[in-house]
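The values are calculated or read from the model by the stated rules, or taken from the named source; none is laboratory data. A quick note: this is a predicted structure, and the numbers were derived from the prediction, not measured. With ideal geometry, Cβ positions are generated from the backbone for all residues, glycine too; neighbour counts draw on all protein chains shown. Ligands, DNA and RNA are excluded from the accessible area calculation, which covers all protein heavy atoms including side chains. Shrake-Rupley method; radii C 1.70, N 1.55, O 1.52, S 1.80 Å.
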Amino acid sequence: AGEEMREGNSPSWFNVEELIQVVVYVKDLIEHHGVLEQDIGVVTPYAKQSQKIRTAIKNEGLVHVKVGSTEQFQGQERRVILISTVRSSQTLIKFDKEHDIGFLGNARRFNVAITRPKELLVVIGNAQVLSSDKHWKHLIDFCLAQGAFKGQVPVRNQAE
(Lines give C-alpha, C1' and ligand atoms only; values in the text may rest on other atoms or scores of the structure.)
Protein backbone atom coordinates (compact mmCIF):
# COMPACT_ATOMS: atom_id res chain seq x y z
CA ALA A 1 0.00 0.00 0.00
CA GLY A 2 1.21 3.48 -0.67
CA GLU A 3 4.57 4.46 -2.08
CA GLU A 4 7.99 4.04 -0.49
CA MET A 5 9.98 7.28 -0.36
CA ARG A 6 13.24 8.73 0.94
CA GLU A 7 14.22 12.22 1.97
CA GLY A 8 17.28 13.53 0.15
CA ASN A 9 20.20 11.11 0.39
CA SER A 10 18.83 9.35 3.48
CA PRO A 11 19.27 5.57 3.27
CA SER A 12 16.06 5.05 5.27
CA TRP A 13 12.61 4.65 3.75
CA PHE A 14 9.09 5.67 4.72
CA ASN A 15 5.56 5.23 3.38
CA VAL A 16 3.08 8.04 4.07
CA GLU A 17 -0.06 6.00 3.31
CA GLU A 18 1.00 3.30 5.76
CA LEU A 19 1.84 5.96 8.34
CA ILE A 20 -1.67 7.43 8.03
CA GLN A 21 -3.23 3.97 8.31
CA VAL A 22 -1.22 3.21 11.45
CA VAL A 23 -2.52 6.39 13.11
CA VAL A 24 -6.11 5.53 12.10
CA TYR A 25 -5.81 2.04 13.60
CA VAL A 26 -4.14 3.26 16.80
CA LYS A 27 -6.83 5.90 17.38
CA ASP A 28 -9.62 3.41 16.63
CA LEU A 29 -8.19 0.82 19.03
CA ILE A 30 -7.98 3.39 21.82
CA GLU A 31 -11.25 5.23 21.19
CA HIS A 32 -13.54 2.35 20.21
CA HIS A 33 -12.01 -0.85 21.57
CA GLY A 34 -10.71 0.16 24.99
CA VAL A 35 -7.06 -0.60 24.26
CA LEU A 36 -4.64 1.46 26.36
CA GLU A 37 -1.84 3.39 24.64
CA GLN A 38 0.85 1.46 26.49
CA ASP A 39 -0.65 -1.82 25.21
CA ILE A 40 0.03 -0.88 21.58
CA GLY A 41 3.30 -1.32 19.73
CA VAL A 42 4.17 -0.35 16.17
CA VAL A 43 6.99 -2.26 14.49
CA THR A 44 8.61 -1.09 11.28
CA PRO A 45 12.00 -1.98 9.78
CA TYR A 46 13.04 1.53 8.76
CA ALA A 47 14.22 4.29 11.12
CA LYS A 48 12.60 7.02 9.02
CA GLN A 49 9.20 5.28 9.16
CA SER A 50 9.57 4.87 12.95
CA GLN A 51 10.40 8.56 13.31
CA LYS A 52 7.47 9.70 11.17
CA ILE A 53 4.97 7.37 12.87
CA ARG A 54 6.20 8.45 16.33
CA THR A 55 5.74 12.13 15.39
CA ALA A 56 2.28 11.56 13.87
CA ILE A 57 1.07 9.63 16.91
CA LYS A 58 2.42 12.28 19.30
CA ASN A 59 0.67 14.94 17.22
CA GLU A 60 -2.56 13.12 18.10
CA GLY A 61 -1.72 13.52 21.80
CA LEU A 62 -0.72 9.86 22.19
CA VAL A 63 2.62 9.52 23.98
CA HIS A 64 2.63 5.98 25.36
CA VAL A 65 2.45 3.98 22.11
CA LYS A 66 5.83 2.32 21.54
CA VAL A 67 7.18 2.66 18.00
CA GLY A 68 10.40 1.01 16.88
CA SER A 69 12.30 -1.57 14.90
CA THR A 70 11.98 -5.31 15.30
CA GLU A 71 15.19 -5.29 17.32
CA GLN A 72 13.72 -2.75 19.75
CA PHE A 73 10.83 -5.15 20.44
CA GLN A 74 13.06 -8.18 21.00
CA GLY A 75 11.97 -9.85 24.24
CA GLN A 76 8.93 -7.60 24.63
CA GLU A 77 5.24 -8.12 23.98
CA ARG A 78 2.26 -5.81 23.68
CA ARG A 79 -1.44 -6.54 23.68
CA VAL A 80 -1.61 -5.21 20.10
CA ILE A 81 1.14 -4.95 17.50
CA LEU A 82 0.81 -3.09 14.23
CA ILE A 83 3.48 -3.77 11.61
CA SER A 84 4.20 -1.19 8.93
CA THR A 85 6.21 -2.99 6.25
CA VAL A 86 6.87 0.14 4.10
CA ARG A 87 7.80 -1.65 0.87
CA SER A 88 5.25 -1.19 -1.93
CA SER A 89 7.17 -2.39 -4.97
CA GLN A 90 9.44 -5.27 -5.87
CA THR A 91 12.23 -3.04 -7.17
CA LEU A 92 14.10 -2.53 -3.89
CA ILE A 93 13.75 -5.98 -2.33
CA LYS A 94 17.14 -7.14 -3.65
CA PHE A 95 18.75 -4.02 -2.15
CA ASP A 96 17.10 -4.76 1.22
CA LYS A 97 18.31 -8.37 1.20
CA GLU A 98 21.86 -7.36 0.27
CA HIS A 99 21.96 -4.80 3.11
CA ASP A 100 19.99 -6.90 5.62
CA ILE A 101 17.25 -4.30 6.05
CA GLY A 102 13.49 -4.61 5.84
CA PHE A 103 11.33 -7.64 6.57
CA LEU A 104 11.54 -9.53 3.29
CA GLY A 105 14.11 -12.29 3.18
CA ASN A 106 14.88 -12.08 6.90
CA ALA A 107 13.19 -14.97 8.72
CA ARG A 108 14.45 -13.91 12.16
CA ARG A 109 13.12 -10.37 11.82
CA PHE A 110 9.81 -11.71 10.47
CA ASN A 111 9.50 -14.16 13.38
CA VAL A 112 10.22 -11.55 16.05
CA ALA A 113 7.76 -9.08 14.52
CA ILE A 114 4.81 -11.45 14.26
CA THR A 115 5.30 -13.01 17.71
CA ARG A 116 5.20 -9.74 19.73
CA PRO A 117 1.39 -9.38 20.08
CA LYS A 118 -0.52 -11.05 22.89
CA GLU A 119 -3.95 -10.59 21.29
CA LEU A 120 -3.96 -8.81 17.94
CA LEU A 121 -1.55 -8.46 15.03
CA VAL A 122 -2.28 -5.96 12.26
CA VAL A 123 0.02 -5.95 9.23
CA ILE A 124 -0.08 -2.88 7.02
CA GLY A 125 1.63 -3.42 3.71
CA ASN A 126 1.43 -4.49 0.11
CA ALA A 127 0.31 -8.13 0.16
CA GLN A 128 1.55 -8.70 -3.38
CA VAL A 129 5.07 -7.58 -2.45
CA LEU A 130 5.01 -9.41 0.88
CA SER A 131 3.91 -12.63 -0.85
CA SER A 132 7.25 -12.73 -2.69
CA ASP A 133 8.74 -13.89 0.63
CA LYS A 134 7.82 -17.46 1.63
CA HIS A 135 7.24 -16.59 5.30
CA TRP A 136 4.98 -13.64 4.57
CA LYS A 137 3.19 -15.71 1.92
CA HIS A 138 2.39 -18.40 4.50
CA LEU A 139 1.08 -15.77 6.93
CA ILE A 140 -1.06 -14.13 4.25
CA ASP A 141 -2.41 -17.52 3.13
CA PHE A 142 -3.25 -18.37 6.76
CA CYS A 143 -5.06 -15.05 7.23
CA LEU A 144 -7.00 -15.58 4.00
CA ALA A 145 -8.04 -19.08 5.10
CA GLN A 146 -9.16 -17.75 8.51
CA GLY A 147 -11.12 -14.82 7.08
CA ALA A 148 -8.70 -12.45 8.80
CA PHE A 149 -7.42 -10.63 5.71
CA LYS A 150 -8.52 -7.14 4.72
CA GLY A 151 -7.40 -5.48 1.51
CA GLN A 152 -6.37 -6.46 -1.98
CA VAL A 153 -5.73 -10.19 -2.24
CA PRO A 154 -2.37 -10.98 -3.87
CA VAL A 155 -2.48 -12.34 -7.40
CA ARG A 156 -0.93 -15.80 -7.58
CA ASN A 157 0.57 -17.38 -10.66
CA GLN A 158 -0.79 -20.73 -11.86
CA ALA A 159 2.16 -22.69 -10.40
CA GLU A 160 1.26 -21.75 -6.80
**Report entry** Share, in percent, of DSSP beta bridges within the chain that are antiparallel, nearest 5
**Finding:** 15
Query raised in the report: Roughly speaking, to the nearest percent, how much of region 16-160's 1.4 Å accessible area is carbon and sulfur?
Result: 51
Requested in this report: Please turn the phi angles of region 129-142 into ³J(HN,Hα) values with the Karplus equation 6.51 cos²θ - 1.76 cosθ + 1.60 (θ = phi - 60°), one per residue in order, whole Hz, x for glycine and proline.
Outcome: 5, 4, 5, 6, 9, 4, 6, 5, 4, 4, 5, 5, 4, 4
**Report entry** Per-residue HN-Hα couplings for region 109-119 [Karplus 6.51, -1.76, 1.60; θ = phi - 60°; Hz; x = Gly/Pro]
**Finding:** 5, 4, 4, 4, 4, 7, 9, 7, x, 8, 10
Report task. Could you tell me the number of lysine pairs in region 1-149 with C-alpha atoms less than 17 Å from each other, where the two lysines are 8 or more residues apart or belong to different chains? Result -> 11
Report task. Determine, from the Cβ-Cβ distance of Arg79 and Glu3 and an R0 of 25 Å, the FRET efficiency 1/(1 + (r/R0)^6), rounded to the nearest 0.05. Result -> 0.25
Requested in this report: Divide the volume of the convex hull of the Cα atoms of region 27-160 by its number of residues and quote the answer in cubic angstrom per residue.
Outcome: 117
Report summary line: Rh (Kirkwood, all Cα-Cα pairs) for region 110-160, Å, reads 11.7
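Calculate, for the chain, the solvent-accessible area per residue in square angstrom, rolling a 1.4 angstrom probe over the heavy atoms of the protein chains.
Heavy-atom accessible area per residue stands at 54 Å².
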Query raised in the report: What fraction of the Cα pairs in region 6-100, stated in percent, has a spacing above 16 angstrom?
Result: 55
